[in-house]
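Below you'll find the structure, written out as structure tokens, and then a few comments.
The values are calculated or read from the model by the stated rules, or taken from the named source; none is laboratory data. All values reported here derive from a predicted model rather than from experimental measurement. Heads up, the Cβs are rebuilt from the backbone with ideal geometry, glycines too, and the neighbour counts pull from every protein chain shown. Accessible surface is based on the protein model in full, side chains and every heavy atom, while ligands, DNA and RNA are left aside. Shrake-Rupley method; radii C 1.70, N 1.55, O 1.52, S 1.80 Å.
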Amino acid sequence: MHRIFTWATILCIATGCNLSSLEDTVVVSDVADEFYLDIWESLTAQGRFLEFRLRTIADEPCLNATIDCDFQQTNRDLSISIKEIVREEGCEEGEAPATANIRVNSSLPGGYYPFFVDLREKVTTEGQLVITSGAYNISLDEGGGIVLLRPELLRIPDGTIWGYIAYEDGGLEAAADEFISSLRSISKGRTLREGYFGYFTVDSEGVLKFSNTVAPSGALTFSYEYDGDPETLVNLLQEYRTEYGPGLQVKLWNTLGDEF
């Protein structure tokens with residue numbers, strides 16, 4: 001047997017075989033035991049879908065590392081099985097968390113759902129998910145290697161539009177105020193409760209806050225109820241973008257997943 005292995009090794013060296021070419025991905029066996037878990041509601045033209053978002057607490061040496069995991073729904077039981085961290089063959093150099101987004105394919109009706117997360121089928125953490133018309137509330141036992149980022153995700157009411165307008169030139173302040181007034185005139189007031197909505201956060205004064213990766217610092221933010229023709233919004237935005245150019249940045253979203 002030793003002689004066979006030796007000859008196989010010599011043959012491999014002589015022919016210059018490349019073991020990495022035998023598979024498209026490299027699976028790392030010594031994964032970290034701790035992950036962050038977050039929840040998100042994806043808004044689309046086809047409906048609303050719950051997503052579980054995982055990422056490692058420790059950075060990986062590849063910018064495009066992912067987490068291999070499975071999701072199962074059995075009646076009302078929801079379970080995630082975290083297997084391994086996967087580094088793609090074309091590793092993008094740099095350090096970043098490995099990630100995975102798990103979308104629940106069906107729109108879950110309101111109610112109580114037992115929730116389970118296991119690491120490599122060795123450690124299982126139990127919790128629960130409660131869905132109402134206004135929020136997702138999730139809890140998870142501690143000590144299982146999973147850190148829950150937040151216990152509640154508020155749901156953006158149907159028919160809501162939201163966004164921001166930003167400018168660097170002080171001479172465009174009047175144009176920004178005029179845009180907000182024009183948008184308000186074709187919409188209705190929308191009061192959102194304080195908390196985290198995924199796409200944005202509402203503070204104690206009712207002001208929308210975006211992350212720095214979404215909106216520049218100092219941007220004016222807004223939210224309204226809108227049941228009119230989307231084309232009217234497109235035309236309004238185009239009017240201001242054409243007149244003021246890139247000096248006036250305007251972004252707007254709705255609950256159908258559209259970005260204007």
> Can you name the residue in region 33-60 that is touching an Asp or Glu at 6+ places or on another chain (Cβ under 6 Å) and without any contact (Cβ under 8 Å) to a residue 60 or more places away in the chain and is also nearest to N254 (Cα to Cα) among such residues?
Replying inline: R53
> Only one of (1) within 19 Å of L154 (Cα to Cα); (2) modelled with pLDDT under 95 fails for T213. Which number is that?
Replying inline: (1)
> In region 94-130, what count of residues is obtained for those that are open to solvent by 70 Å² or more (accessible area, probe 1.4 Å), within 27 Å of R48 (Cα to Cα), not small (G, A, S) and not in a strand (DSSP E or B)?
Replying inline: 2
>> Let me spell it out: the conditions are (1) at pLDDT 95 or above; (2) in a loop (DSSP other than H, G, I, E, B); (3) surrounded by 14 or more Cβ atoms within 10 Å (Cβ to Cβ), and F222 meets all of them except one. Which number is the exception?
In response: (2)
> Taking the condition touching a Gly at 6+ places or on another chain (Cβ under 8 Å), open to solvent by 70 Å² or more (accessible area, probe 1.4 Å) and of a type in the set (D, E), does D141 pass?
Replying inline: yes
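May I ask you to verify whether V86 is open to solvent by less than 50 Å² (accessible area, probe 1.4 Å), assigned to a strand (DSSP E or B) and modelled with pLDDT under 95?
Numbers: open to solvent by less than 50 Å² (accessible area, probe 1.4 Å): yes; assigned to a strand (DSSP E or B): yes; modelled with pLDDT under 95: yes.
Here the answer is yes, as V86 does meet what is asked.
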>> Quick check on region 182-203. Is at least one of its residues open to solvent by less than 60 Å² (accessible area, probe 1.4 Å), out of contact with any Asp or Glu (no Cβ under 9 Å at 6 or more places or on another chain) and farther than 30 Å from N137 by Cα?
In response: yes
